[in-house]
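Asks: Quick one: the structure is below, questions incoming.
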Amino acid sequence: MGIAAGVQAPWGPALGITVFGLALATRRWNTALVVGLAAVGMVSGAFLASRTERALQVDLPTGEVELLVEVLSGGGGTSGDGWARARVLAVVDRDRIRSWKGPAGWLRGDVSDWRRTTRWWVRTVMEPITEPSPRTVPTSYPAWSGNVSSARPAGVAGGWIGARIVAVRRLVIERLRPDQDPGRALLAGFLLGDTSRLSETDDESMRRAGLSHFVAVSGSNVALFLGALFVIAGPLGWSSRRRAVLGLAGLAFFVVLIGPDASVLRAAVMAGLVLLARPFGLRPDTWTVIAAGVGLLLLAAPELAFSLAFQLSVAATMGVLVGTGWFGQLRPEWLRVSLGASCGAQLAVAPILLMSFGSVPLWSPLANLVAAPLVVVSTGLGAAGSVMGADLLVAVGAVSARAVLAIAHLVARLPQVGWAVCTFLAAMGLASTRSRLRPAAVIAAGIVTAAVTLLATPHALGDPVSRPAFVALDIGQGDALLLLGEGGETVLIDGGSSGLGIRDGLARFGIRAIDLLVVSHAHHDHYGGLDAVIGTVPIGAMWYAPFPGQGPRFLSLVEDASGATHILTPGLGRYRVGSIGLEVIGPIRRYASLNDQSMVVVATLGGMRVLLSGDIERIAQREIEPPRVDILKVPHQGAATSDPGWLVATGASTAVVSVGPNRFGHPSPRLLAQLDSAGMEVRRTDLEGDVVIRAGSR
């Protein structure tokens, strides 16, 4: 709280120090301790805010430049469409290399395999981030972003030691062989926190089931590593002090090997404090270790206070400690401890998840209870197998990991719940601590859980909807649109970025086959989820428009689709899918922007005309005559990249915005106000879920 206050209020440190002085003067020692800690946090926050402001005001080189960068956070996203956070070490200026200690930024492109501490020579255009999110800036200082046009490796940080650590990590990955099957890919996540080989659907399933913390390397991994280290060193008969030195060196190696993620740092610092205390005869309790560890980390790196991963890691640790004391009468003991730890952790992180994402998985405590033993087995066997080079142990560990994936896929299909349900279940949990209230509380919680599960879970029959209809599926940030013809025809335009999201959306409307799949353009929030559709749902034909600059990930999708359906590249003109009429009106030429290259289609069904605009922006809009339609799908999640006059000129009575939680400010409040003032009814998937418009219902 002190750090947050220091970031937001420059006068905070002065106020905190003043109150601290008054508390000392009046000998209110407990008050002085609390206020003193808050004052230290405020000072750290003020320095953090100042450092952030300076980072965002640095003059960036103009035009395309060649940079030497060091990766700060490992590659994310997918092959050809990934991202990495990096700091600049040097700039090539007129064929001369000059040192440049500029702020960190985001690099996008074929960087999904980049790892921390590796260094790269890259060519990019550094675009400043002029309106960073207040929540994300203190975490990572993303002062600029750029697309990588070319890259070549330049070694690793840390010299000989850094190279050895990278070699160890590479050896472990080679022995795990995560490309071979999903179980091995998840095993790499358990051991190293590396989920780059995990499919997006599997990764999303782990997150939605509340199991993604198992691939955020933390306390259990540190304990396993130190245990193995001490077993190896045990025959040497070292004293407690020498073992402490060995343990601290091992922790340093472990942090560098895995990477300085928030959860890794938290677990390592806490373990380090225990190792330091024991040679001096100290036995600090766990709460003292948590308080000291978290306090030291926040003083050293106050930006961690704004890290969601750090917040979740600390909250989950505290929840586990509290929860293990619950269910005191339950037997056997392992079930009591496991269930209490799972429930305590979920209850502790629930408020943070609800504030950040708006929902939490209802069945996560049970999923964690069942998955935790499997993760322990998988991690232990995988670690032993990768160290000894015993592929049989790795294979058995991968089988256990696949069982965890099966649990994740099952629970991910179950409901996510918000504040109301969480508050009610938490209240019933507290009531169950009183013996006379326990039966009623358990019954009430069971009834609500069963009712929510039955009502909210997508089922095979789907929700009945009278055709013809236009549907904007609620799949988060991105597009997934359905045209439902009166003769049973189904056209799907785009598939969002989540395989689970589009799969659940189709299930909600009972879609078992697609007559035509239209991929508007090669941005991940429009095609990323289609991996879960192609090859699993029959598709009559697929439309897409080839364009230079489409990444390997998208081209791989097209290649996979070519084995499952007919791939077509439609020209401008009219087409028909049963009772559904389709007129392709764009793109009319090649554009520099992939958004402007979107396929633009006017659909007619049941006398209703719908403009499917992809993500086209002002340039393409100026060159396309605005068609007269009844329904407008607002381009680019309602971003301020459209010409409001062009949108209004369509004469649509309803404007649909397909959007989800995002850090880009979508949709633009100004654009929405202009559509509203033009008399359009604005409907949004982030506010009402699936938007369904039936022909004749407007």
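Asks: Quickly rank 83-91, 572-580, 244-252 as a protection proxy: mean count of other C-beta atoms within 10 Å, highest first.
Replies: Details: 83-91: 20.8, 572-580: 14.4, 244-252: 17.0.
Ranking the peptides 83-91, 572-580, 244-252 by packing returns 83-91, 244-252, 572-580.
Asks: In whole Hz, with x marking every Gly and Pro, tabulate ³J(HN,Hα) for segment 361-370 from phi via Karplus 6.51 cos²θ - 1.76 cosθ + 1.60, θ = phi - 60°.
Replies: x, 4, 9, 4, x, 5, 4, 5, 4, 6
Asks: Using θ = phi - 60° and the Karplus curve 6.51 cos²θ - 1.76 cosθ + 1.60, what whole-Hz ³J(HN,Hα) does each residue of segment 667-672 get, with Gly and Pro shown as x?
Replies: x, 6, x, 5, 5, 4
Asks: For the ranges 344-352, 438-446, what's the packing order if you count other beta-carbon atoms within 10 Å of each residue, average per peptide, and put the highest first? The partial results should precede the final answer.
Replies: Numbers: 344-352: 20.9, 438-446: 13.8.
Ranking the peptides 344-352, 438-446 by packing returns 344-352, 438-446.
Asks: Then there's this: Would you mind computing, in nm to one decimal, how far apart the modelled labels at VAL245 and ARG618 are, each placed 7 Å from Cα along Cα→Cβ?
Replies: Each label point lies 7 Å from its Cα, and together they span 6.7 nm.
Asks: Collect residues whose amide H, placed 1.01 Å from N in the peptide plane, falls under 5 Å from the amide H of VAL577; neighbours closer than 5 in sequence don't count.
Replies: Residues meeting the criterion, in which the H sits 1.01 Å from N, are LEU582.
Asks: On the full set of protein chains, 1.4 Å probe, figure out the accessible area of LEU72 and give it in Å² to the nearest 10.
Replies: Surface open to solvent at LEU72 totals about 50 Å².
Asks: In addition: How far apart, in nm, are the 7 Å Cα→Cβ label points at ALA451 and ASP560?
Replies: Using points 7 Å along Cα→Cβ, the separation is 4.0 nm.
Asks: To the nearest 10 square angstrom, how much accessible area does PHE254 have with a 1.4 angstrom probe?
Replies: PHE254 has an accessible surface of roughly 10 Å² with all protein chains in place.
Asks: What nm distance separates the two modelled labels at GLU688 and SER99, each placed 7 Å from Cα along Cα→Cβ?
Replies: Here the answer is 6.0 nm between the modelled labels.
The values are calculated or read from the model by the stated rules, or taken from the named source; none is laboratory data. This is a predicted model, so every value here is computed, not measured. Please note: Cβ atoms are built from the backbone with ideal geometry, for glycine as well, and neighbour counts cover all protein chains shown. When the accessible area is computed, the model is the full protein with side chains, heavy atoms only, and any ligands, DNA or RNA have been set aside. Shrake-Rupley method; radii C 1.70, N 1.55, O 1.52, S 1.80 Å.
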